[in-house]
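Just so it is clear, none of the values below were taken in a lab; they were calculated from the coordinates. Fair warning: this is a prediction, and the values are worked out from it, not measured in the lab. All Cβ positions, even for glycine, are placed from backbone atoms using ideal geometry, and neighbour counts span all protein chains on display.
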């Protein structure tokens, strides 16, 4: 399947990050079209487009905007999640550095639809280059009547946009922890309900959307919801950016229609590296249940992967060949979550660290078979017992790696037993 370029259509063009180039390629025409629609019509188009959040949860964007629009409290806010801390995911930073105006245009359409006077873009603290590009684009917009008062001559359409750097905490990719951080507090997840759509930033109705999600908004308006939805598959409209790494010939960011199979994504990357065979696929970032080579023709949309016991996540696909021992790969994953647990919930604070210590023993060739079962049980007992999904994002890979690649764990255990003998 060939790539369909919407979000990435300007990438690689000289000065693609500038207002001049963006406008020369049709930029801000979608905003002009949106200003000829009612806010309710825009929200309805977003719902019909089947655009789902590209940050991981896959919630219908139009439905989220509907919840915000129904709230009577004002002001309403739009918060863009640019934290992108999921291991294996690196597409949002390309949007911010290669074509920030596309995301800004999507934000302005959303601000008009929801009556939001301000947009806050929360970026991972390490994204220095991306934040510089984004701030330069914001300054261009302000200087050219695309931000501030009476945007594009529309009286009363007043919007400001602000860039807020985070501190590099994985937990701040979770929307409520992001809001806590944005308000100046420790980035700990909030108890829900209320949800951000009801009481988000400073207690006001807030639409929290991912960077890539907002970059799709102009295309929904430009093409129309029906045409956009047809690019994808049922209930999963449009295209998505896949961040592909691992053992493929051409790793990088590739844009394909929603519903493309793993094989089609891998083919877009030039296939598996020469002389090797596919062993495993991490479909949407490290927190997803792993897939085997037998799943290569499974579609990558949210609903199909959920039915398969995994997730489409944030599109961070990691392709692994037969040279990888999956027990060692899992230890690498769990070590990350043990480090990034915020510590608010005991099952997560203690459980991730415990699993990391046991897996470290197995990886070092000092484990026994009961260690494998112990890690599995820790993961199982801690699931769905925490405020946010960080522990679940650790437990899901633990259980799937052991279920599908137990022999890799036993190979390390047997090595340990042979040393002891």
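Identify which of the listed values of Cα extents along the principal axes in Å was calculated from the structure shown: (i) 82, 45, 36; (ii) 76, 49, 45; (iii) 61, 52, 41. Among (i) 82, 45, 36; (ii) 76, 49, 45; (iii) 61, 52, 41, the one derived from this structure is (i). Is the stretch 326-420 best put as rounded, prolate or oblate by its Cα gyration tensor, with a ≥ b ≥ c the root eigenvalues, rounded for a/c under 1.5, and otherwise prolate when a/b is larger than b/c, oblate when not? Because a/c hits 1.5 or more and a/b exceeds b/c, the stretch 326-420 counts as prolate.
Can you tell which of 137, 329, 268 shows the greatest fluctuation in a Gaussian network model of the chain with Cα springs below 10 Å? Fluctuation is largest for 329.
Going from the residue with the fewest nearby Cβ atoms within 10 Å to the one with the most, 300, 38 rank 38, 300. Quick one: helix 211-223 against the long Cα principal axis of the chain, what's the angle to the nearest 10°, folded into 0 to 90? Between helix and principal axis, roughly 50 degrees. Per-residue Cβ neighbour counts within 10 Å put 394, 233 in the sequence 233, 394, beginning with the fewest. Is the shape of the stretch 19-230 rounded, prolate or oblate, going by the alpha carbon gyration tensor and its root eigenvalues a ≥ b ≥ c, with a/c under 1.5 for rounded and a/b larger than b/c for prolate? Verdict is rounded for the stretch 19-230. Quick check: from the Cα gyration tensor, does the stretch 3-111 come out rounded (a/c under 1.5), prolate or oblate? Oblate, since a/c reaches 1.5 and b/c is not below a/b.
Roughly how tilted is helix 390-404, in degrees to the nearest 10 and between 0 and 90, from the longest Cα axis of the chain? The helix 390-404 is inclined about 50 degrees to the chain.
When only Cα pairs below 8 angstrom with a gap of at least 6 residues are kept, the chain shows a relative contact order of 17 percent.
Across the stretch 239-321, the mean sequence separation of Cα contacts (distance under 8 Å, 6 or more residues apart), normalised by length, yields a relative contact order of 36 percent.
Taking the C-alpha atoms only, the angle from helix 100-114 to the longest principal axis of the chain is near 70 degrees.
Got the relative contact order for the stretch 306-361 handy, in percent, Cα pairs under 8 Å and 6 or more residues apart? Present the calculation step by step, with values, prior to reporting the outcome.
Details: 22 pairs, mean separation 16.5, N = 56.
Contact order relative to length: 29 percent.
Just to confirm my numbers, what's the Cα centroid distance between the stretch 239-302 and the stretch 14-39 in Å? For the stretch 239-302 versus the stretch 14-39, the Cα centre distance is 32 Å. Listed from fewest to most Cβ neighbours within 10 Å, the set 339, 17 follows the order 339, 17.
Helical content alone sets the calculated 222 nm signal of the chain at -13500 deg cm²/dmol, taking -39,500 (n - 2.57) per DSSP H segment of four or more residues and averaging over every residue.
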